[in-house]
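Values quoted throughout were computed directly from the atomic coordinates according to the rules given, and no laboratory measurement underlies them. A quick note: this is a predicted structure, and the numbers were derived from the prediction, not measured. Methodologically, a virtual Cβ is constructed for each residue, glycine included, from the backbone with ideal geometry; neighbour enumeration extends over all protein chains shown.
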Amino acid sequence: MSLIAGSYEKFIWGFKLKPLKHSSDRRTLTLTQLFSYPSHIGPVTCAAACGPAAASGSSDDTIHLYDLPSAASLGSLHDHAATITSLCFYTPPSLSFPRNLISAAADGSVCIFDADPFVHLTTLWPHKKAVNDLAVHPSGKLALTVGRDQSLAMLNLVRGRRSFLCRLGKEATLVKYDPNGESFFMVVGDKIGVHVAEDARLLFELENRKKVLCAAPGEGGLLLTGGEDCNITAWDTKSGKAAYCIEDAHCTRVKGIVALSRNDGTANTDDPYLVASASSDGIIRVWDVRMAVKEKPNPLAEAETKSRLTCLAGSSLKSIKQPKMGDSGTKEE
């Protein structure tokens with residue numbers, strides 16, 4: 001399993017999560033640094049990872065690409081003319097390599113790329129102001145975006161056009177699909193709305209104590225959130241209640257959260273359910289959240305980047321041989 005984190009200092013960090021053979025402080029895993037690149041000339045604003053592929057976006061209007069197995073930087077894409085605000089890979093269930101990369105920017109644009117090779121396919125303009133976040137449906141046919149124009153948009157990724165726009169009357173900062181695509185979650189300040197995907201009907205609202213800055217769908221209908229309260233909270237989106245909470249998971253606000261689950265087809269119930277979190281103080285931690293039901297858990301692994309982290313993404317690499325990304329049509333720096 002791999003993690004990548006971006007920082008205000010323009011660096012992107014790559015880590016590999018490995019078992020720790022000998023430990024004196026109850027930690028059973030270790031985060032081994034794979035790379036540290038000064039990839040951008042502006043702060044890193046977002047990141048995405050899937051299989052062997054990873055990407056970072058920045059206020060320098062560029063997207064940088066990485067091959068995780070070789071820890072190689074592959075160059076950058078220059079198809080946006082504003083700060084990159086969100087990145088998302090789409091991988092069909094039958095493949096181990098992403099088919100598309102979808103990106104959003106502060107000028108209201110969304111770009112769709114073929115991921116092998118990385119070629120720009122089309123640009124959409126779903127919002128009049130900045131796109132705050134985007135989420136791709138598990139089918140790969142649709143995507144949702146929320147923007148500073150206080151609206152929610154649905155994109156038809158097959159035809160390359162906006163198919164729906166809803167005025168919210170308030171600015172949503174995050175939008176996420178659940179893993180089966182039957183519902184989606186929309187964050188406005190400290191509130192998380194759970195909506196039916198088919199008609200966007202609101203089922204109920206979850207209310208956090210402070211502003212939510214990051215969110216990640218987990219297993220079993222859970223939604224993991226982090227933010228200004230420095231906690232990691234797991235919400236049961238079926239009952240509308242908090243399932244458990246790791247209080248004071250970090251000393252400062254949580255800027256990124258990733259649910260790391262094995263997706264290589266192996267059924268090993270001894271594997272812990274892992275969650276990784278990153279804080280603005282530069283620390284990345286990995287947790288076994290099953291322990292949070294009983295007591296406050298100790299992190300299984302920790303890494304100190306000594307930078308102001310802004311985002312976190314993760315990938316569960318499969319054991320089979322991955323296609324090499326270096327032959328793509330990437331625009332090199």
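A compact table of results
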quantity	calculated
³J(HN,Hα) computed for each position of the range 104-113 - Karplus, 6.51 cos²θ - 1.76 cosθ + 1.60, integer Hz, glycine/proline x	10, 9, 6, 9, x, 8, 10, 10, 10, 10
Reachable aspartates and glutamates from residue 18, criterion Cα separation under 18 angstrom, eight or more residues apart if same chain	264, 270, 271, 288, 302, 304
Net lengthening on full extension, residue 122/residue 210 (0.36 nm per residue, minus Cα-Cα)	27.9 nm
Dipole of the chain [Lys/Arg +1, Asp/Glu -1 at C-beta], most positive-end residue of 172, 3, 108	172
Dipole magnitude (debye, nearest 20) for the range 2-315, charges at Cβ of Lys, Arg, Asp, Glu	260 debye
Sum of side-chain charges, residue 248 neighbourhood, beta-carbon under 15 Å (Lys, Arg +1; Asp, Glu -1)	-1
Gain in span if fully extended, residue 33 to residue 139, counting 0.36 nm per residue against the direct Cα distance	34.8 nm
Members of 191/255; 16/210; 10/141; 170/210; 141/211 lying beyond 26 Å, as alpha-carbon distances in this model show	16/210; 10/141; 141/211
The chain, relative contact order [Cα under 8 Å, separation at least 6], %	15 percent
Inter-centroid distance (Cα atoms) of the range 67-95 relative to the range 198-222, Å	26 Å
5 angstrom amide H check on residue 243, placed H, neighbours 5+ away	234, 235, 236
Top positive-direction residue, dipole computed over the chain with Cβ charges, set 200, 45, 287	200
3J(HN,Hα) from dihedral phi, the range 136-151, Karplus parametrisation 6.51/-1.76/1.60, rounded to Hz, x for glycine, proline	9, 5, x, 6, x, 8, 10, 9, 10, 9, 10, x, 6, 7, 6, 9
Filtered trypsin sites (Lys or Arg not before Pro), the range 15-87: DSSP coil and at most 10 other beta carbons within 10 Å	21, 26
Added length on full extension, which subtracts the Cα-Cα distance from 0.36 nm per residue, residue 242 to residue 161	25.5 nm
Pairwise FRET efficiency - residue 202 versus residue 182, Cβ, R0 = 22 Å, nearest 0.05	0.90
For the range 105-186: rounded, prolate or oblate by the Cα gyration tensor [a/c cutoff 1.5]	oblate
Principal axis dimensions, largest first and in whole angstrom, of the chain by Cα	54, 46, 37
Within the range 132-178: Cβ-based charge dipole about Cα centre, in debye rounded to nearest 20 (Lys, Arg +1; Asp, Glu -1)	200 debye
